[in-house]
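Everything on this sheet refers to the single structure shown next.
The values are calculated or read from the model by the stated rules, or taken from the named source; none is laboratory data. Small disclaimer: the values here were computed from a predicted structure and weren't measured. Note: ideal-geometry Cβ built from the backbone for every residue, glycine included; neighbour counts use all protein chains shown.
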Amino acid sequence: MHCFSNLHPMEAPIAQFKIKILPLIFLVAVALPPAAFGWDNGRGSLHWYWNTEIGSHTDDLSELMKAYNSLQIKGTYVLSSTISCFATIKKFYDSVYDIAGEYRAGSHKTAKDTGTMWLREVFLDYDHKPLFVRIGKQQVVWGSSDGVRALDSINPGDSRYAYLDDAADYRIPLWMLRLEASMKTDATLQVLVIPDYEPHYSADAGDVFVFRPAKLSAKRLEGLPSFITVKEKRRYPPSSLHNSTVALRWQQVLEGWEITLNYKYGYEFYPQAQGGFKLRDGRIPTVLLEKDFRKHINIFGASFTKAIPTGALRGFTFRGEFLCTRGKPYPYGKQGSVVGNTSMTAYAAILGLDKIFFTDTLISMQLVQFLHPRTTCKGQDIFYLPTFAPLRRSETMMTFRVSTDFFAERLKPEMLVIGDEHRDWRLSPKI
């Protein structure tokens, strides 16, 4: 179950109930040789997961916002003592667009998989100490924050459900090469080469969890005379090894402190967008919307984790992550209307404190702050990317999370609360 108020980028209150059928081992005895996935030699496995989610407005439970069903299949196979392979596919359909009249006119982007998103992950591992290699479509996780993405910047996000899903579900996997080498005891160097590119993916106007920019754009286009055509042009980075995103992470344990230093050079997941009026082919009045995804950014990051074994805070874990993004693009204008784009260096810092009580109940608290050196450009407001709300010099947030498990982790209730100094808040209970 999830509930939230007006903490951007989410805009509509929802009560959501989630049912997950426990993973079952599914043995394919006809299509595959018995030795391949049989339990007699333990070399392979195949699991399937069925997930059903029903959501409605909190002010009127009869108004459905989600009628979601998905099937996920995961398979592994061990080729040798050093080589193994893994694959995950996921298909889903949200029938709320067929049931609820309010959303039937939506884009239906949220209703089902798009493109190759059904192929979640497929990769080959080579593990021979001190070297680990993973090649294929995958996710890489940096950082460990609750409910807020900062250092977790390798994979773009799918926000069609406003990031209410688990992080492993809303991250968009990318094709990449991952190399890890244990250079010394308790120290690892990670190198990522990512020739693939995908932008952040979000809902369109008329969909359930649509962000404000899509609403504003649709409203303005609806007001155009019928003789004016609208064209959209997108410019993506070329998918090639020469144009790859490159990322590095050094991870080491020093006197009980687990420390990472992170760097990434690649393309921003949000576009630089602008629109203009022109006469196409010399005579057809056209509004041309251009979205350029080729903006390079530099990300510098660091994190730490420290378990406290003695004293008044015995049993607590202290953690933090820090991020500096150079060249991050932002639109600017007035009242949500974009007139241009600018870029700046943006900062983020997260400090967290965790403790496990009663052997299975985790309580976690975080202080989160985002910092921007300026909020105007050429006398106009710089906008926050997901919502086109005016950017603030600083954004301070607090999070509180409590989670536990029953029946050997088969039932895992969780509550996440996020609030900021402007009294925006989000409440997300989940079962």
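Run down Pro237, Pro199, Pro225 and say which single residue is part of a loop (DSSP other than H, G, I, E, B), under 27 Å from Pro331 (Cα atoms), in contact with a strand residue (DSSP E or B) (Cβ under 6 Å, 6 or more places away or on another chain) and not hydroxyl-bearing (Ser, Thr, Tyr). Result: Pro237 is the single residue among Pro237, Pro199, Pro225 that is part of a loop (DSSP other than H, G, I, E, B), under 27 Å from Pro331 (Cα atoms), in contact with a strand residue (DSSP E or B) (Cβ under 6 Å, 6 or more places away or on another chain) and not hydroxyl-bearing (Ser, Thr, Tyr).
For the range 204-222, indicate whether the set of residues that are surrounded by fewer than 19 Cβ atoms within 10 Å (Cβ to Cβ), touching a residue at least 60 places away in the same chain (Cβ under 8 Å), more than 27 Å from Ser239 (Cα to Cα) and of a type in the set (Asp, Glu) is non-empty. Scanning the range 204-222, I find no residue that is surrounded by fewer than 19 Cβ atoms within 10 Å (Cβ to Cβ), touching a residue at least 60 places away in the same chain (Cβ under 8 Å), more than 27 Å from Ser239 (Cα to Cα) and of a type in the set (Asp, Glu), so the answer is no.
Val339 satisfies every condition listed in (1) without any contact (Cβ under 8 Å) to a residue 40 or more places away in the chain; (2) surrounded by fewer than 16 Cβ atoms within 10 Å (Cβ to Cβ); (3) over 24 Å from Ala162 (Cβ atoms); (4) of a type outside the set (Gly, Ala, Ser) except (1).
Between Tyr384, Tyr332, the distinction of being touching a Cys at 6+ places or on another chain (Cβ under 6 Å) and either buried (at least 17 other Cβ atoms within 10 Å of the Cβ) or without any contact (Cβ under 8 Å) to a residue 24 or more places away in the chain (or both) belongs to Tyr332 only. Candidates in the range 108-129 are the residues that are in a loop (DSSP other than H, G, I, E, B) and crowded, with 16+ Cβ neighbours inside 10 Å; of these, the one that is modelled with the highest pLDDT is Met117.
Restricting Asp169, Asp152, Asp158 to those that are in contact with a Gly (Cβ under 7 Å, 6 or more places away or on another chain), more than 29 Å from Ser80 (Cα to Cα) and charged (D, E, K, R) reduces the list to Asp152. In the range 244-283, the qualifying residues are those that are of a type in the set (Asp, Glu) and more than 28 Å from the chain's Cα centre (by Cα), and the one that is modelled with the highest pLDDT is Glu255. Report, by residue number, each residue of the range 386-431 that is polar (S, T, N, Q), over 21 Å from the mean Cα position of the chain (by Cα) and over 30 Å from Asp360 (Cβ atoms). Within the range 386-431, just Ser394 meets the criteria.
Residues of the range 157-178 being assigned to a loop (DSSP other than H, G, I, E, B), under 20 Å from Lys264 (Cβ atoms) and either under 8 Å from the mean Cα position of the chain (by Cα) or among the small types (Gly, Ala, Ser) (or both), which ones?
Ile172 - this is the single residue of the range 157-178 that is assigned to a loop (DSSP other than H, G, I, E, B), under 20 Å from Lys264 (Cβ atoms) and either under 8 Å from the mean Cα position of the chain (by Cα) or among the small types (Gly, Ala, Ser) (or both).
Of the strands (runs of 3 or more DSSP E) that lie entirely inside the range 324-431, those containing 1 or more residues that are closer than 30 Å to Ala273 by Cα and modelled with pLDDT of 90 or more span 337-357, 361-371, 380-382, 394-403, 414-420.
Looking at Phe269, Phe358, Phe293, just one residue is aromatic (Phe, Trp, Tyr) and free of Cβ contacts under 8 Å to residues at least 60 places away in the same chain, and that residue is Phe358.
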